[in-house]
Amino acid sequence: MAMAPPGQNMVHVLNKNSKRDQGRKAQLTNIQAGKTVASIVRTTLGPRAMLKMLLDPMGGIVMTNDGNAILREVDVSHPAAKNMIELSRAQDEEVGDGTTSVIILAGEMLSVAEPLLEKKLHPTLIVSGYMRALEDAQAMLKELAYPIDVEDPEAIRDIVRGGIDTKFSSRWGTLISDLAIKATKTVCIIKPDGRKEIDIKRFAKVEKIQGGDLTDCVVLDGVMFNKDITHPRMRREIKNPRVVLLDCPLEYKKGESQTNVEITKESDWEKLLMQEEEEMRKVCDDILKVKPDVVITEKGVSDLAQHFLMKGGCSVIRRIRKTDNNRIARVSGAHICNRTEEMEEKMVGTGCGLFKINKIGEEYFCFMTECKEPKACSILLRGASRDVLNEMERNLQDAFNVARNILLEPRLLPGGGAIEMELAARLKEKSKSIEGSKQYAYRAVADALEVIPRSLAHNCGADVVRTMTDLRARHATPGNQQFGIDGKKGTVADVKALGIYDTFSVKQQTLRTSVEAAAMLLRIDDIISGISKKKQADKQSAVMGGDDETFGDSRDG
């Protein structure tokens, strides 16, 4: 950038290599980037959604219609596009559903701002109109939501099915939704103050095993992991086992630092070996005094320790993951012990009903099932190929999140674009009472909300103009908030009667995230992207093979 007042020389402030977009140009490039990202996932909305096939840098293939999974694999360079992709990730982590909707809605919010900017409306005015519309829309959502009975399994199943009917797994009926509901209820813990804590990530593990039939998928009343016992003569099936969990190695301790021992007599060597054996025997005796049937450790087990524990009637499993160990602790009631000397009776887990080693395919799996009160679980997925299993797992994660949201926030809204149309109709009506140019921005939000039902109709191959006109006419009369798009046929239908619902928490988060993100991108009026001379020189020297001389270099610090 160069500034030259009259009669003075030019002054260079920014580096010549840097690129700068200012004012209107910066806003329009941001809007264009947002619209491009939205166009990638627009066809993946609804039950008639298309799949996307993506090649990752390693040459693997991902086939999915999950918005977040698609955008995670797409490599973009524009900063505004990166910001949009971040939205989908945030949505996935926060509520786990609506990742496609949030991107489409944010893209549309930016798109409707374009004509306003061309009318020379200031971005700050547009943003304040957006924020006011968001506040009113949030209040309307609360008004339109209706509660649901969490104890009714049929109602919850319908809602979870509604959440994943747009996905690949919908062809197997209620299979995935039943698995998700059972797993979520298993890991749900009610705190003393009445709050519910549902930690699916840590305590509901999905195990994918190729082969078998899809109907073999099951939520275990316990856990399973890919390990076998360490010695062939140990017991492979134990009823009501006493379980001991360790976080220390059952091997002779090596010195902290390197130790050299000089031995002059042969008997001294014998003594050294005896001492190791004694040490190991002592460790095993500490464990055996609580009479365990199963010993599981995160570290290694020496042959000697195996021998002593096998004589004591224990089955031993070693080198288990910490996360698996935590799950076993939850299902069996055992405490993880860090030192064998501290072993006590209360640390033994007795909540597990059956310990069994099964062979599935070529691998051995350890099952700890029939638990009395499991607060963790494993979900066993079987399927023909790896791609099918991966897509099923993604769908299952979405179903988990829908089930979790319902248990934490038991409120629903009509789905199929009905709630968006109702909000659009109400906001348009309300915009008439707003004075000044803010009214245009307020109305723009209402227009943008119509993109969800429009995309649903478009993806079904319906006549979009006719369907949308019909839907607008219905929502113009009060009391018709339950009319939306039947995603399979592309017709206007009563979505409540069809059982198409959305959870309140997902809709609230989608609306909030998309409007706030659009507002943030609209307030950017300057994009400076440039690489400094020093960085360029560093890059060139790296390509040329670096400098020969390093003495007195900046690298010396």
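Which entries of 201/227; 282/346; 196/359 have Cα-Cα distances beyond 26 Å here?
Result: 196/359 exceed 26 Å.
Can you give the extra length, in nm with one decimal, that the chain gains between residue 61 and residue 281 once fully stretched, where that is 0.36 nm per residue apart less the Cα-Cα distance?
74.0 nm
How big is the Rg/Rh ratio for segment 11-138, C-alpha atoms only, Rh by Kirkwood, two decimals?
Ratio value, two decimals: 1.04.
Please return the longest range in the chain lying between exposed loop sites, taking GluC sites (Glu not before Pro), DSSP loop only, at most 11 other beta-carbon atoms within 10 Å, and leaving the sites out.
With GluC sites (Glu not before Pro) excluded where exposed in loops, the chain gives 1-150 as its longest stretch.
Report the local net charge at residue 54: Lys and Arg +1, Asp and Glu -1, summed over other residues whose C-beta lies under 14 Å from its C-beta.
Once positives and negatives cancel, what remains is -3.
In Å, what Rg and Dmax follow from the Cα atoms of segment 350-494?
Cα radius of gyration and Dmax of segment 350-494 are 23.9, 73 Å respectively.
With only alpha-carbon atoms counted, please give the Rg and Dmax of segment 198-256, in Å.
Gyration radius and largest Cα-Cα distance of segment 198-256: 16.8, 53 Å.
Please sort by residue number the trypsin sites (Lys or Arg not before Pro) in segment 259-344 whose DSSP state is loop and whose Cβ has at most 15 other Cβ atoms within 10 Å.
265, 289, 299, 319, 321, 339
Once neighbouring chains are kept in place and the probe is 1.4 Å, which whole percent of the accessible area of segment 408-473 is contributed by carbon and sulfur?
That fraction is 49 percent.
Just round it to a whole percent: the fraction of Cα-Cα distances in segment 150-290 exceeding 18 Å.
76
Which FRET efficiency value, to the nearest 0.05, do you get for residue 362 and residue 231 by plugging their Cβ-Cβ distance into 1/(1 + (r/R0)^6) with R0 = 25 Å?
0.75
Would you calculate, for the chain, the mean residue ellipticity at 222 nm contributed by helices, counting each DSSP H stretch of 4 or more residues as -39,500 (n - 2.57) and dividing by all residues, to the nearest 500?
Mean residue ellipticity, 222 nm, calculated: -15000 deg cm²/dmol.
Once the Cα gyration tensor of segment 241-358 is found, what semi-axes does its equivalent ellipsoid get, as square roots of 5 times the eigenvalues, in whole Å, sorted largest first?
31, 15, 12
Quote the convex hull volume per residue of the chain, based on C-alpha atoms, as a whole number of Å³.
Hull volume over Cα atoms, normalised by residue count, gives 248 Å³.
Have a look at 273, 263, 364 and report the one farthest towards the positive end of the charge dipole of the chain, computed about the Cα centre with Cβ charges (Lys/Arg +1, Asp/Glu -1).
Of the listed residues, the answer is 364.
Quick one: if you take sqrt(5λ) for each eigenvalue of the C-alpha gyration tensor of segment 280-436, what semi-axes come out, biggest first, whole angstrom?
Equivalent-ellipsoid dimensions as semi-axes: 52, 20, 13 Å.
If you rank 63, 368, 310, 53 by how much accessible surface each has, with a 1.4 Å probe, what is the order from largest down?
Order by accessible area, largest first: 53, 63, 310, 368.
In Å², and per residue, what accessible area does the chain have when probed at 1.4 Å with the other protein chains present?
Counting only protein heavy atoms, the per-residue value for the chain is 52 Å².
The values are calculated or read from the model by the stated rules, or taken from the named source; none is laboratory data. Values in this document were obtained by computation on a predicted structure and should not be read as measured data. No Cβ is skipped: glycine too gets one built from the backbone with ideal geometry, and neighbour counts run over all protein chains shown. Side chains included, ligands, DNA and RNA excluded: accessible areas come from the protein's heavy atoms. Shrake-Rupley method; radii C 1.70, N 1.55, O 1.52, S 1.80 Å.
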